[in-house]
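See structure below.
None of the figures in this text is laboratory data; all of them are computed from the coordinates on show. Note that this is a predicted model, so its numbers are computed, not measured. Cβ placement follows ideal geometry from the backbone for every residue including glycine, while neighbour counts extend to all protein chains displayed.
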Amino acid sequence: MPSKIPIGPYHPLQEEPEHFILTIEGEQVVDVDVSIGYNHRGIEKLAESKTYDQVPFLVERICGICSMSHPLAFSLAVENCAGIEVPPRANYIRTILDEIRRLHSHLLWAGLAGHFLGYNTVWMWAWKYREPLLELSELLTGNRNHYGMIKVGGVRRDIPPEHYPLIRKALDELKPKLEMLYGAVLDDPVLRARLEGVGHLSREDAIRYGVLGPTARASGVDIDIRRDYPYGASDKVEWRVITSERGDLLARVEVRLLECFESIKLIEGCLEQMEPGPISADVPRKIPPGEGIGQVEAPRGECFHYVVANGTDKPERLKIRAPTYMNLPSFRATCLGETLSDVAIILAGIDPCYCCTERLVRIKDGRGERRLSFEDLLKLSWEKTARLRKEAKDGCVE
Amino acid sequence: MASAGSKTRTSPWQAWGISRSPWVYHLATGTCNNCDIELLDCLTPRYDLERFGIKLVGSPRHADVLMVTGMMNRKCLPRFIAVCRQVPKPYIIVALGACGANKGIFHDSYNTVGPVERVVREIMKEDTIVVNVPGCPPKPEAIILGVVKGLKLLQERRR
């Protein structure tokens, strides 16, 4: 007899309100269902009432952890729409901040994953190493988490040359700590036993569900927006895309931690190549009619923004697709058949960010504005029965 | 920064009991995650509030302080009220971030029912202490200061 276990909406496991319904038989999970909407804030609608200068601040607040990716994707979309050329120095600054954000996000996830596994030491370590990055962000942008650095056509603040050594020093100090964390997580026999072979997502399933980012790369799908559709300065610096063929949780930990080293390489490369120059292009107040897309590799995968401009200073429509939206359905491939005790870490394994995901679409009846009342449904049902009856009768005649 | 009515009185014993090592229950009601991670940041080695016996608990029934983040969306409102009813009295509510204090950038959103203080005063009709900690996100120092101020207000209600 299967029984249902609710997780959430307020649960010590989760930072965000989210409701999972697990159906279990004995210890085994046989079905998983998710109910969202606790974080819906109506951002797409709000964006239509704000000017192009204001929207980056709004979309930055979609998610606090990847708060560099959303404004960047929006700016790329508007620049694509209006054909604005971004100065090279602004591109370098964008990539530097994006990668600092990625480092912080991956460390944050590593810590939370350790917390979910009962290894609070990993949590404390990872978050301790993350702290200098937040201080670095505060130095460069003025805030620990929401930066407000991106604007359409460039960036808002320059990184002065006297800050370069400070960035280099912070990264140099971070490297040995990351190596230690990587070694400690991968060498620990208990962590290995908890992670290896658990929550397996095969390459076929990864493609079928369309998962993105580190989750896809850990299953052997070689995708990365920074390489495939370069933005910022990611095509000017040498780095490589980390993939793993195994597809289990250990692979996801490995991919994320190794990506941190690539992020450091990217930042260092940008600092070397950066040359003085303007940091922002002239942007017209009113964007000519058209549409544009922006793609950014957020820490969790591809973040996609689609903008329709109508010739005024406000966007006509902004469509956002965040990576977790694609990664979430893969729970059905990874959770089923696992034991209940592994579910916590499997759910955390995709690095879910529900704040990013909560978009709302109102689906109207395909034929117009009409709403279907109970009588309408009843009528439709009767019509269908009549149609079927008629078909059956016709069939008998033949 | 803080606001308090002074109707409900706290017995000296209750006030003394809550003044040391308050336990915190965290409730997100339509957030961007940032206040939440800054709240967790308070517990990690840089700030390490666990030194003082302050810790996050898994159930509102164990909590002294309710940390509320986010702009309070319509789906979260009944859950927020249900959680508030479960917290042992007296308790304080700390509304974190610009959203918790005055809805922040989501002021015009169709899905918000108002800042935490309005919900507590007008919908729940309670005079619980509500401390607003503005900032987007507030720094961990500000969060700690907010809790300390709230606890002081609770002490002042003692007669």
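Quickly run through the stretch A:90-112 and pick out the residues that are touching a residue at least 40 places away in the same chain (Cβ under 8 Å) and either within 14 Å of another protein chain (Cβ to nearest Cβ) or of a type in the set (Ser, Thr, Tyr) (or both).
A:Tyr92, A:Thr95, A:Arg101, A:Ser105, A:His106, A:Leu107, A:Leu108, A:Trp109, A:Ala110, A:Leu112 - these are the residues of the stretch A:90-112 that are touching a residue at least 40 places away in the same chain (Cβ under 8 Å) and either within 14 Å of another protein chain (Cβ to nearest Cβ) or of a type in the set (Ser, Thr, Tyr) (or both).
How many residues, within the stretch B:107-133, are touching a residue at least 60 places away in the same chain (Cβ under 8 Å), within 14 Å of chain A (Cβ to nearest Cβ) and assigned to a loop (DSSP other than H, G, I, E, B)?
1
Within the stretch A:254-302, restricting attention to residues that are basic (Lys, Arg) and closer than 21 Å to A:Gly154 by Cα, which residue is surrounded by the fewest Cβ atoms within 10 Å (Cβ to Cβ)?
Once the filter is applied, the top-ranked residue is A:Arg285.
Select the helices (runs of 4 or more DSSP H) contained entirely in the stretch A:269-361, then report the ones holding at least 1 residues which are among the hydrophobic types (A, V, I, L, M, F, W, C) and within 14 Å of chain B (Cβ to nearest Cβ).
By residue number, A:340-349, A:354-357.
From the set of residues in the stretch B:59-106 that are surrounded by 24 or more Cβ atoms within 10 Å (Cβ to Cβ) and on the phi > 0 side of the Ramachandran plot, which is nearest to the other protein chains (Cβ to nearest Cβ)?
B:Gly70
Scan the stretch B:136-159 and give yes if some residue there is within 14 Å of chain A (Cβ to nearest Cβ), small (Gly, Ala, Ser) and assigned to a loop (DSSP other than H, G, I, E, B), otherwise no.
Looking for residues that are within 14 Å of chain A (Cβ to nearest Cβ), small (Gly, Ala, Ser) and assigned to a loop (DSSP other than H, G, I, E, B), one finds none in the stretch B:136-159, hence no.
Assuming A:Tyr209 fulfils every condition listed in (1) more than 16 Å from A:Leu249 (Cβ to Cβ); (2) of a type in the set (Ser, Thr, Tyr); (3) touching a Gly at 6+ places or on another chain (Cβ under 8 Å) apart from one, which condition is it?
The one condition A:Tyr209 does not meet is (3).
Can you pull out the residues in the stretch A:209-251 that are part of a helix (DSSP H, G or I) and free of Cβ contacts under 8 Å to residues at least 40 places away in the same chain?
A:Arg217, A:Ala218, A:Arg227, A:Asp228, A:Ala251
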